[in-house]
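Please see the structure below; I have some questions.
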Amino acid sequence: MKSGVDVSDLRVVRGGAEVLHDLTFSVEPGEVTGLLGPSGCGKTTLMRAIVGVQRISAGRVTVFGEPAGAASLRARIGYVTQAPSVYDDLTVEENLVFFAAVLGVPRDRVDECLRVVALEPERGRVVRALSGGQRSRVSLAVALLGEPALIVLDEPTVGLDPVLRKDLWETFHRLADEDAAAFVSSHAMDEATRCDRLILLREGRIIADDTPPGLLEKTGAEDIETAFLDLVARAAS
Amino acid sequence: MSPRVTLAVARRVLIQLRRDRRTLAMLLVLPCLIMALLWWMFQDKPSFGFGVLAPALLALIPFIIMFLVTSVTTLRERTSGTLERLLAMPMGKGDFLLGYALAFGLVAALQSALAVTLSIWALDLDVQGPVWMLLVVAVVDAVLGSALGLFVSAFARTEFQAVQFMPALVIPQILLCGLFVHRDELPPFLHGVSDVLPLSYAVDAMRKVSGDADPAVWGDLGLVAAFALAALVLGALTLRRQSE
């Protein structure tokens with residue numbers, strides 16, 4: 001299997017405190033890998049390190065065999081931050097057209113991406129006037145423009161209604177079916193079952209790295225939330 | 001760097017401005033109002049005043065306004081995450097900076113064209129040199145303001161802090177540029193200081209154009225442009241792809 005993201009012994013220090021402690025794992029193409037853990041456990045920092053915007057203190061992060069942040073990777077990674085990074089004072093379409101020009105992708109990608117995130121009816125509206133969920137979908141659409149081989153999504157489903165959430169997870173799987181690697185974080189444990197693989201993070205350490213069924217089997221728990229609590233209790237004792 | 005990306009940035013900035021009608025109106029109308037106010041002030045003192053101060057003001061206005069507008073807009077890009085997103089894309093830092101300089105340079109040209117037109121034809125400002133040169137100087141001043149604004153935005157966390165750089169960096173330059181006291185008549189030390197401040201040359205250039213039929217402004221203008229370029233390079237250094 002060709003490698004997607006390889007992280008080995010990654011350590012990150014921010015503001016004098018170590019927030020990620022020697023993490024080692026990988027994210028494979030063709031899979032939706034979930035990064036789950038409570039808020040403040042280091043999910044965003046880890047994602048930023050993979051995208052290459054976070055300075056790392058030790059260890060190694062490679063994406064498609066190249067060091068994270070390499071210039072050649074920029075066109076191949078789609079990154080959606082937690083707060084939607086789009087221009088509030090532009091319309092949905094103007095945002096996409098601008099980023100498409102920066103990426104150098106053809107205009108018809110704009111229509112395709114709008115369709116994927118179900119925002120075609122809102123294309124002419126100014127982003128500021130949209131709901132929070134719609135805004136984060138604009139941000140997602142921007143990340144999809146360049147047909148990225150790795151898509152990194154930081155809590156993309158927060159504040160979305162259940163129908164939309166389901167639709168988005170289906171989108172992530174569709175991308176993975178086209179051999180992209182999808183790395184999605186969430187603090188909602190009920191989303192765990194939608195992932196092909198799970199990485200549970202707590203206080204900057206990985207406490208589990210498994211498939212959802214594998215994790216349930218190993219812990220004997222009925223759901224992922226119980227499994228998580230079980231693993232935390234085990235780690236403490 | 002690529003022209004495609006530079007132009008995309010410039011176009012996007014202009015669309016944003018166009019949508020913000022109030023800001024756009026203020027950008028275009030306020031300089032005219034200020035020129036008119038200055039003219040009115042000296043109505044009863046025709047021998048001294050408007051003709052001396054107006055050229056300096058035509059240099060100051062684009063500089064100050066573009067400094068403020070750029071420092072706030074780029075700070076917004078930094079805090080909203082759009083800058084980080086752009087830097088994670090195949091975009092050169094130069095594209096970002098030049099795109100901004102292009103867009104604001106264009107606005108400054110329009111702004112100054114209005115203020116100059118009003119000053120010459122309605123307020124009887126006597127300009128000896130070619131009028132287009134006044135515009136060139138104004139645009140270079142605006143680009144200087146933009147470049148400095150962009151640079152200082154890196155040192156501000158909030159918009160409150162960003163606008164505080166105006167009294168810190170701009171007002172001393174206004175005081176020392178020769179508007180209040182001729183630069184030759186300043187105490188030697190301050191004269192020396194004014195020699196290394198870009199606004200001094202901007203005002204000198206404006207004065208030469210208005211007072212001389214064949215003004216030798218390229219030296220002054222070149223210096224202002226060099227300062228602008230230096231500020232842009234420093235600004236580029238503050239656009240970091242990675243953070244702590």
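The values are calculated or read from the model by the stated rules, or taken from the named source; none is laboratory data. What you see is a predicted model, and the numbers here were worked out from it, not measured in a lab. No Cβ is skipped: glycine too gets one built from the backbone with ideal geometry, and neighbour counts run over all protein chains shown.
Looking only at residues that are surrounded by 14 or more Cβ atoms within 10 Å (Cβ to Cβ) and over 19 Å from the mean Cα position of the chain (by Cα) in segment B:17-44, which one is farthest from the other protein chains (Cβ to nearest Cβ)?
So the residue we want is B:Phe42.
Looking only at segment B:209-217, decide whether some residue is at pLDDT below 90, within 17 Å of B:Ile64 (Cα to Cα) and within 20 Å of the chain's Cα centre (by Cα).
For segment B:209-217, residues at pLDDT below 90, within 17 Å of B:Ile64 (Cα to Cα) and within 20 Å of the chain's Cα centre (by Cα): absent.
Right, next: Does segment B:133-151 include one or more residues that are touching a helix residue (DSSP H, G or I) at 6+ places or on another chain (Cβ under 8 Å), among the hydroxyl-bearing types (Ser, Thr, Tyr), within 14 Å of chain A (Cβ to nearest Cβ) and buried (at least 23 other Cβ atoms within 10 Å of the Cβ)?
no
Restricting segment B:194-242 to residues that are hydroxyl-bearing (Ser, Thr, Tyr) and without any contact (Cβ under 8 Å) to a residue 40 or more places away in the chain, which is surrounded by the most Cβ atoms within 10 Å (Cβ to Cβ)? Talk me through it step by step, then tell me what you get.
Of all residues in segment B:194-242, those hydroxyl-bearing (Ser, Thr, Tyr) come to B:194, B:200-201, B:210, B:238.
Restricting the remaining residues to those that are without any contact (Cβ under 8 Å) to a residue 40 or more places away in the chain gives B:194, B:200-201.
Details: B:Ser194: 22, B:Ser200: 23, B:Tyr201: 28.
Checked segment B:194-242; the qualifying residue surrounded by the most Cβ atoms within 10 Å (Cβ to Cβ) is B:Tyr201.
Next question, about the same structure. Quick one: in segment B:139-160, which of the residues that are outside any helix (DSSP H, G or I) and of a type outside the set (Gly, Ala, Ser) is nearest to B:Ala231 (Cα to Cα)?
It comes out as B:Phe155.
May I pose another question? Please give the number of the condition A:Gly40 fails out of (1) surrounded by fewer than 18 Cβ atoms within 10 Å (Cβ to Cβ); (2) free of Cβ contacts under 8 Å to residues at least 40 places away in the same chain; (3) farther than 24 Å from A:Asp190 by Cβ.
(3)
Could we say that A:Thr45 is under 16 Å from B:Arg241 (Cα atoms) and either of a type in the set (Ser, Thr, Tyr) or surrounded by 24 or more Cβ atoms within 10 Å (Cβ to Cβ) (or both) here?
So A:Thr45 passes the test.
Residue-wise test of (1) modelled with pLDDT under 90; (2) over 18 Å from the mean Cα position of the chain (by Cα).
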{"residue": "A:Ala129", "(1), (2)": "no, yes"}
{"residue": "A:Gln134", "(1), (2)": "yes, no"}
{"residue": "A:Val152", "(1), (2)": "no, no"}
{"residue": "A:Leu160", "(1), (2)": "yes, no"}
{"residue": "A:Ala181", "(1), (2)": "no, no"}
{"residue": "A:Ala192", "(1), (2)": "yes, no"}
{"residue": "A:Asp209", "(1), (2)": "no, no"}
{"residue": "A:Lys218", "(1), (2)": "yes, yes"}
{"residue": "A:Ile224", "(1), (2)": "yes, yes"}
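State whether one or more residues within segment A:91-99 are at pLDDT 95 or above, surrounded by fewer than 23 Cβ atoms within 10 Å (Cβ to Cβ) and among the aliphatic types (A, V, I, L, M).
Scanning segment A:91-99, I find at least one residue that is at pLDDT 95 or above, surrounded by fewer than 23 Cβ atoms within 10 Å (Cβ to Cβ) and among the aliphatic types (A, V, I, L, M), so the answer is yes.
Moving on to the next point. Report, by residue number, each residue of segment B:164-197 that is assigned to a loop (DSSP other than H, G, I, E, B) and over 22 Å from the mean Cα position of the chain (by Cα).
B:Leu186, B:Pro187
Among strands (runs of 3 or more DSSP E) lying entirely in segment A:3-90, which contain 3 or more residues that are of a type outside the set (Gly, Ala, Ser) and within 11 Å of chain B (Cβ to nearest Cβ)?
Per the criteria, A:5-14, A:77-80.
Taking the condition modelled with pLDDT of 90 or more and in contact with a helix residue (DSSP H, G or I) (Cβ under 7 Å, 6 or more places away or on another chain), does B:Leu68 pass?
The answer is yes for B:Leu68.
Report, ordered by the first and then the second residue, all pairs with beta carbons closer than 7 Å, sequence separation of six or more or different chains, a first member in segment B:137-165 that is among the small types (Gly, Ala, Ser), and a second member that is part of a loop (DSSP other than H, G, I, E, B).
That search, which allows pairs on different chains as well, returns B:Ala162/B:Ala156.
Return yes when B:Thr70 is within 11 Å of chain A (Cβ to nearest Cβ) and of a type in the set (S, T, N, Q) and no when it is not.
On the way: within 11 Å of chain A (Cβ to nearest Cβ): no; of a type in the set (S, T, N, Q): yes.
For B:Thr70, the condition - within 11 Å of chain A (Cβ to nearest Cβ) and of a type in the set (S, T, N, Q) - is not met.
Given the residues B:Ala10, B:Ala54, B:Ala101, which is the only one that is within 12 Å of chain A (Cβ to nearest Cβ), of a type in the set (Gly, Ala, Ser) and within 21 Å of the chain's Cα centre (by Cα)?
Step by step, each of B:Ala10, B:Ala54, B:Ala101 is checked, and only B:Ala10 is within 12 Å of chain A (Cβ to nearest Cβ), of a type in the set (Gly, Ala, Ser) and within 21 Å of the chain's Cα centre (by Cα).
The rows are residues; the columns are (1) touching a residue at least 12 places away in the same chain (Cβ under 8 Å); (2) over 26 Å from B:Asp124 (Cα atoms); (3) part of a helix (DSSP H, G or I).
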{"site": "B:Val5", "(1), (2), (3)": "yes, yes, yes"}
{"site": "B:Ala25", "(1), (2), (3)": "no, no, yes"}
{"site": "B:Val52", "(1), (2), (3)": "no, no, yes"}
{"site": "B:Pro62", "(1), (2), (3)": "yes, no, yes"}
{"site": "B:Thr73", "(1), (2), (3)": "yes, yes, yes"}
{"site": "B:Phe96", "(1), (2), (3)": "yes, yes, yes"}
{"site": "B:Leu102", "(1), (2), (3)": "yes, yes, yes"}
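Hey, does segment B:198-214 have a residue that's among the aromatic types (Phe, Trp, Tyr), assigned to a helix (DSSP H, G or I) and away from chain A (no Cβ under 14 Å)?
yes
Something else about it: Taking only pairs six or more apart or across chains, which ones have beta-carbon atoms under 9 Å, a first residue in segment A:105-128 that is under 15 Å from A:Leu145 (Cα atoms), and a second residue that is among the basic types (Lys, Arg) and not in a loop (DSSP other than H, G, I, E, B)?
Correct list of pairs: A:Val116/A:Arg174; A:Val117/A:Arg137; A:Ala118/A:Arg137; A:Leu119/A:Arg137.
Taking segment A:94-109, which residues are in a helix (DSSP H, G or I) and either in contact with a strand residue (DSSP E or B) (Cβ under 8 Å, 6 or more places away or on another chain) or within 11 Å of chain B (Cβ to nearest Cβ) (or both)?
As a first pass, look at segment A:94-109 and keep what is in a helix (DSSP H, G or I): A:94-103, A:108-109.
Answer for segment A:94-109, where residues must be in a helix (DSSP H, G or I) and either in contact with a strand residue (DSSP E or B) (Cβ under 8 Å, 6 or more places away or on another chain) or within 11 Å of chain B (Cβ to nearest Cβ) (or both): A:Glu94, A:Asn95, A:Val97, A:Phe98, A:Phe99, A:Ala100, A:Ala101, A:Val102, A:Leu103.
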